[in-house]
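First the structure, in the form of structure tokens, and then the observations on it.
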Amino acid sequence: MFFIRTSLAIILSAALVSPLAFASRVHRAPTSGHKANKAHKSHAKVSRRSHRSRGQQSIEPERVTQIQHALIREHYLSGDATGEWDKNTQAAMQKYQADQGWQTKLTPDSRALVKLGLGPDYSNAINAQNSSFAAPPPVDTIPSEQAAGFAAAAGVNE
């Protein structure tokens with residue numbers, strides 16, 4: 001019995017240790033005679049191109065004027081709109097954004113522009129050109145069958 005337990009313990013420990021002995025890899029030199037880093041060196045020469053800036057680098061003077069007019073209207077900026085994104089305009093925009101609880105980066109936040117009334121203009125959108133934004137018709141002009149159907153669907157008893 002003792003012999004069986006001992007041999008079983010030896011077999012289990014050998015089974016646990018043997019995968020570790022065979023797990024290492026041997027790295028060999030390439031046998032084809034080609035240098036391994038040749039392609040990498042030619043790529044290094046290509047990547048030394050000058051860095052090109054992408055995206056919007058500054059705010060257009062027309063847009064700065066619009067922002068300044070809105071900040072003047074909201075009493076965050078005083079004076080006249082100059083069209084220059086100067087320190088006073090930046091400070092006014094930061095103060096406006098901070099008062100709203102938004103980020104205070106030097107670039108205007110889209111939420112701030114929308115709240116200042118400078119958001120996107122959808123008047124030329126496909127669905128907006130021939131649409132009517134009038135108030136809905138009075139309730140008494142809706143046919144009674146239709147009104148009853150609306151009330152039933154809404155769970156309202158008349």
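Brief remarks on what is shown
- Residue within region 9-30 that is loosely packed, with under 10 Cβ neighbours inside 10 Å, modelled with pLDDT of 75 or more and assigned to a loop (DSSP other than H, G, I, E, B) present: no
- Residues of region 59-107 that turn out to be surrounded by fewer than 15 Cβ atoms within 10 Å (Cβ to Cβ), within 20 Å of residue 120 (Cβ to Cβ) and among the hydroxyl-bearing types (Ser, Thr, Tyr), as a count: 1
- Of all residues making up region 83-112, the number that are out of contact with any helix residue (DSSP H, G or I) (no Cβ under 7 Å at 6 or more places or on another chain) and not in a helix (DSSP H, G or I): 4
Listed here are the residues, each with its yes/no results for (1) aliphatic (A, V, I, L, M); (2) in contact with a Lys or Arg (Cβ under 6 Å, 6 or more places away or on another chain); (3) farther than 17 Å from residue 113 by Cβ.
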| position | (1), (2), (3) |
| --- | --- |
| 67 | yes, no, no |
| 70 | yes, no, no |
| 74 | no, no, no |
| 77 | yes, no, no |
| 82 | no, no, yes |
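The values are calculated or read from the model by the stated rules, or taken from the named source; none is laboratory data. If you're wondering where the values come from, they're calculated on a predicted model, not measured in any experiment. Here Cβ is always computed from backbone atoms with ideal geometry, including for glycine, and neighbour counts include all displayed protein chains.
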